[in-house]
Amino acid sequence: MEKTNRGNSGGNIQQGALSFGQGLERDHPAAVYTRVFRCRKNGFDYLGQVRIEQDGPGIRVEIFNENYFSHFEDAKNAVLKSLETAVLSRLMKEDDTKYKALIVSFLEAKVMPKVEATPVQEGRRTQNGFDLQEIFDRLNAQYFDNKIQADVEWGRDSRKKNRSGFRFGSYDRSKKLIRIHPRLNQEFVPFPVVELTVYHEMCHQWAPSVKRNGIWRDHHADFKAKEKEYCYYQEARRWEKQYWKKFLLPIAEKTAF
C-alpha cells in the first residue's frame, strides 16, 4: 500500500475542481471570516461559502445550489462532508490564512470521530508500540476465517527522506511475509490506520493477483471489495489521504506531534 505525489484520486466522492475568491473578515460584533468558492462539476459551476467563527469555534461549508448534489449517487450529507474536507484542506494550505490552527483542529476532530471512542483501541500498544501479531490474529479470525497463513513484522526504516512516496506495508508472496513500515509505529498514528495496513496486506493472500490483458493486477475488483469489508475503511483512508506526507521523513527527524 503506497501513497505518492503523483495525485490523489482515491476516495469514492469526487467533489469537482475548486477555486477561491477573496476572503472577507469582520471583527464586530464577533470575529468571522468568510470565503466564497466555486466548484466545477461535470461542466457546471456551483458557488459555495466557508464561514469561520473564531469565538466558538464554528466552521461551516455550504453550497448554494442544491442541483450540485444531483451529480452524485451518494447521500447529500456524505457529499457535503467530503466537500467540506476538500475545501478546508485547500484553505489550510494558504500561507495567509490566520485561522489555520482552527481549521486544523476542526479537521482532526472530524476525520475519525467514531474511532476515537471505540473499545477496539484498548490495549493496542505494547512497550514497543503496536502489537502487530495481535492485530494480525484478530483480523484473521474476524475477516478471513483464520485462513491467512503469513508472518507479520515491522520493516526497517532507511533513515532517509522519501522524496515522492511512502509505502505503508508490503507482502512477500514467496516468503508469506507481511512487513509494516516502522514509521506507522508512532503515537500520532490512529490505530485503524495501522490495522487497515495489516488488513490490506492480508488481502493480497486472500485475493491473489490476476492477469488481465497481459498485465498482472494486484488491486483488482475482488481485492478492493474484500478490502472495503474492514469496518473502519473509510475513516482510515480519509486520515491517510490527509496526513500521509508526514511519513516522508524518518522518525528521528520528525517534529513531535
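The values are calculated or read from the model by the stated rules, or taken from the named source; none is laboratory data. This structure is a prediction, so every number in the text was calculated from the model and none was measured. As a convention, Cβ positions derive from the backbone with ideal geometry for all residues, glycine included, and neighbour counts pool all protein chains shown.
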Item to check | Lys246 being in the same structural domain as Phe130 (by TED's automatic domain parsing) and at pLDDT below 90 | outcome: yes
Checklist entry - So which residues in region 63-101 are loosely packed, with under 13 Cβ neighbours inside 10 Å, closer than 21 Å to Glu53 by Cβ and modelled with pLDDT of 85 or more? => result Phe64
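Table: residues versus (1) surrounded by 16 or more Cβ atoms within 10 Å (Cβ to Cβ); (2) in contact (Cβ under 8 Å) with a residue 40 or more places away in the chain; (3) in contact with a helix residue (DSSP H, G or I) (Cβ under 6 Å, 6 or more places away or on another chain); (4) within 17 Å of Ile148 (Cα to Cα).
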position	(1), (2), (3), (4)
Leu196	yes, yes, yes, yes
Arg212	no, no, no, no
Trp216	no, no, no, no
Trp239	yes, yes, yes, no
Item to check | Residue check for Tyr171: surrounded by 12 or more Cβ atoms within 10 Å (Cβ to Cβ), at pLDDT 90 or above, not in a helix (DSSP H, G or I) and not acidic (Asp, Glu) | outcome: yes
